Amino acid sequence: GLGMGMTAPVSITAFPAEDGSFQQKVKVSLRIPSQFQANPPCPTDESVKIEEREGMTIYSTQFGGYAKEADYVSYAAKLKAALGSDAAYRKDFYFCNGYDPPMKPYGRRNEVWFVKE
């Protein structure tokens, strides 16, 4: 029953298929605003869960524009190539992050994160 507004980033957990494309399963995560962190409101929809994301070290790349799945897949491939075979990171998922509201036409920020092992 509380309105919290939009937070950034909107984070999509992608589970890549063998060809790098997204599988049907993705998880969308929104940051709970600071004033609700200690005592977040309980979701009324059972498909909505509150999770605490542990601290992590990431490898990241940033790009602009209105990001689509193909953009995230492309930048994930570029990040993978830049890291080469020596970097140890989780291969079973990665994060796709968008920081801007839909109506912001210019200066948009998107990121792909690989979690360091």
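The values are calculated or read from the model by the stated rules, or taken from the named source; none is laboratory data. Small disclaimer: the values here were computed from a predicted structure and weren't measured. Note that each Cβ is placed from the backbone with ideal geometry, even for glycine, and that neighbours are counted across all protein chains shown. Side chains are part of the model used for accessible areas, which takes the heavy atoms of the whole protein and leaves out ligands, DNA and RNA. Shrake-Rupley method; radii C 1.70, N 1.55, O 1.52, S 1.80 Å.
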State whether the residues of region 80-90 include one that is modelled with pLDDT of 95 or more, within 13 Å of the chain's Cα centre (by Cα) and not in a helix (DSSP H, G or I).
no
LYS49: open to solvent by 80 Å² or more (accessible area, probe 1.4 Å), in contact with a Pro (Cβ under 9 Å, 6 or more places away or on another chain) and either touching a residue at least 12 places away in the same chain (Cβ under 8 Å) or in a loop (DSSP other than H, G, I, E, B) (or both), yes or no?
yes
Scanning region 88-100 for residues that are surrounded by fewer than 14 Cβ atoms within 10 Å (Cβ to Cβ) and among the hydrophobic types (A, V, I, L, M, F, W, C) gives ALA88
So, in region 10-46, exactly how many residues are touching a Leu at 6+ places or on another chain (Cβ under 9 Å), assigned to a strand (DSSP E or B) and not hydrophobic (A, V, I, L, M, F, W, C)?
1
Exclusive hit being among the hydrophobic types (A, V, I, L, M, F, W, C), assigned to a loop (DSSP other than H, G, I, E, B) and surrounded by 13 or more Cβ atoms within 10 Å (Cβ to Cβ), set MET103, MET4
MET4
Options PHE15, PHE36; residue that is at pLDDT below 95 and open to solvent by less than 40 Å² (accessible area, probe 1.4 Å):
PHE36
The one condition in (1) more than 16 Å from ILE12 (Cα to Cα); (2) surrounded by 13 or more Cβ atoms within 10 Å (Cβ to Cβ); (3) of a type outside the set (Phe, Trp, Tyr) that SER85 fails to fulfil:
(2)
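At pLDDT 90 or above, open to solvent by less than 90 Å² (accessible area, probe 1.4 Å), in contact with a Cys (Cβ under 7 Å, 6 or more places away or on another chain) and among the aliphatic types (A, V, I, L, M): is that true of VAL112 in this structure? Spell out the reasoning first.
On the way: at pLDDT 90 or above: yes; open to solvent by less than 90 Å² (accessible area, probe 1.4 Å): yes; in contact with a Cys (Cβ under 7 Å, 6 or more places away or on another chain): yes; among the aliphatic types (A, V, I, L, M): yes.
Yes: the conditions hold for VAL112.
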